[in-house]
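The values are calculated or read from the model by the stated rules, or taken from the named source; none is laboratory data. On a predicted model such as this, the values are computed, not experimentally measured, just so you know. Counting neighbours? That spans all protein chains shown, and the Cβs are built from the backbone with ideal geometry, glycine included. For the accessible areas, the whole protein counts, side chains as well, though only heavy atoms, and no ligand, DNA or RNA atoms are used. Shrake-Rupley method; radii C 1.70, N 1.55, O 1.52, S 1.80 Å.
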Amino acid sequence: MIIAITNQKGGVGKTTTAINLAVYLGKLGKKVLLVDLDPQSNLTSGIGFISDDDSVNPIYQGLSKSIYDILVGKASIKEVFVLTKYENVHLVPASIDLAGAEVELVNAMSRETILKSALDEIKDEYDFVFIDCPPSLGLLTVNALVASSKVFIPVQCEYFALEGLGQLINTINLIKKRLNSTLEIGGVIMTMYDVRTNLSKQVGDELQKFFGEKLFKTIVPRNVRLSEAPSYGKAIIEYDPKSQGALAYEGLAKEVVKLKKW
């Protein structure tokens with residue numbers, strides 16, 4: 001099952017969801033591949049591959065190739081993926097080179113299907129493949145949507161949360177119509193939920209009305225420990241396994257497993 005985790009709005013918890021959902025699924029015995037498709041490389045650093053220096057073009061420890069090399073035809077996915085410190089979780093890392101990939105791929109043949117072709121080589125080796133998308137609807141995100149059968153949409157429970165969702169859904173429908181007929185919204189995840197505010201409840205109610213059964217029952221709360229963990233290169237299961245954020249992602253992983261028969 002290949003799943004794109006996407007929302008063109010930044011800061012909604014895409015990378016946090018990708019890392020922690022993958023790690024908890026790995027703990028449940030599922031084999032998971034994480035694909036970092038964001039030039040900011042937050043997933044790569046957030047799961048433990050800390051850069052050797054603070055330069056503009058950091059070299060991550062132990063990593064010589066990245067998803068960029070796959071997209072431009074310099075390497076196969078089997079040459080790029082690496083093991084992480086978490087059980088059953090592998091990673092295709094990103095690097096700053098990815099920032100120029102969209103320009104380089106403009107004239108490439110079948111440019112929308114490059115990632116799909118790469119993942120076809122190994123998708124049967126994993127229970128789940130999660131693609132962490134950049135906060136845009138550009139060519140990288142299109143590649144993720146073409147390669148995937150499902151989309152997970154994290155939505156921040158704040159005022160502007162619903163803005164742009166219509167555009168994202170239109171893009172998903174367009175991809176489904178023209179490039180990937182099997183693409184479906186697999187689930188919507190409420191993130192950064194603040195039980196102290198009426199606003200979070202109102203956003204949740206609107207999402208329930210719009211998405212119905214597609215809305216995951218598990219709600220990810222606003223949690224300081226979740227925010228801190230990536231700066232230490234740790235998933236929440238390692239950083240603070242008893243925090244509310246950890247319990248939420250553990251619950252979400254169990255919910256995803258139950259829905260595996262989509």
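Of all residue pairs spaced 6 or more apart or on separate chains, those with beta-carbon atoms under 9 Å, a first member in the stretch 189-209 that is over 13 Å from Q244 (Cβ atoms) and a second member that is surrounded by fewer than 13 Cβ atoms within 10 Å (Cβ to Cβ) and not hydrophobic (A, V, I, L, M, F, W, C) are L199/Y159; V203/Y159. Scan the stretch 173-183 and tell me whether some residue there is more than 18 Å from F152 (Cβ to Cβ) and crowded, with 20+ Cβ neighbours inside 10 Å. Within the stretch 173-183, none of the residues are more than 18 Å from F152 (Cβ to Cβ) and crowded, with 20+ Cβ neighbours inside 10 Å. Exactly one condition in (1) at pLDDT below 95; (2) assigned to a helix (DSSP H, G or I); (3) within 18 Å of M1 (Cα to Cα) is not met by K209; state its number. So the condition that K209 fails would be (3). Touching a strand residue (DSSP E or B) at 6+ places or on another chain (Cβ under 8 Å), among the hydrophobic types (A, V, I, L, M, F, W, C), assigned to a loop (DSSP other than H, G, I, E, B) and more than 19 Å from E213 (Cβ to Cβ): is that true of A144 in this structure? No. Suppose we keep only residues that are open to solvent by less than 80 Å² (accessible area, probe 1.4 Å) and outside any helix (DSSP H, G or I) within the stretch 230-248. Which one would you say is modelled with the lowest pLDDT? Among those that are open to solvent by less than 80 Å² (accessible area, probe 1.4 Å) and outside any helix (DSSP H, G or I), it is G233.
Evaluate the stretch 129-142: report whether one residue or more is farther than 21 Å from T113 by Cβ and without any contact (Cβ under 8 Å) to a residue 40 or more places away in the chain. Please lay out each step first, then the result.
Here is the first cut: in the stretch 129-142, the ones farther than 21 Å from T113 by Cβ are 135.
So of that shortlist, the ones also without any contact (Cβ under 8 Å) to a residue 40 or more places away in the chain come out as none.
Looking through the stretch 129-142, none of the residues is farther than 21 Å from T113 by Cβ and without any contact (Cβ under 8 Å) to a residue 40 or more places away in the chain.
Just checking, which of S227, S200 is crowded, with 20+ Cβ neighbours inside 10 Å, out of contact with any helix residue (DSSP H, G or I) (no Cβ under 6 Å at 6 or more places or on another chain) and polar (S, T, N, Q)? None of the other options fit; the residue is S200.
Of the helices (runs of 4 or more DSSP H) lying entirely inside the stretch 66-105, those carrying at least 2 residues that are open to solvent by 30 Å² or more (accessible area, probe 1.4 Å) are 77-80, 101-104.
Within the stretch 110-123, is there a residue that is open to solvent by 10 Å² or more (accessible area, probe 1.4 Å), modelled with pLDDT under 90 and not in a helix (DSSP H, G or I)? Checked against the condition, which is being open to solvent by 10 Å² or more (accessible area, probe 1.4 Å), modelled with pLDDT under 90 and not in a helix (DSSP H, G or I), the stretch 110-123 yields at least one hit.
When C157 is tested against (1) open to solvent by 20 Å² or more (accessible area, probe 1.4 Å); (2) touching a helix residue (DSSP H, G or I) at 6+ places or on another chain (Cβ under 9 Å), exactly one condition is not met: (1).
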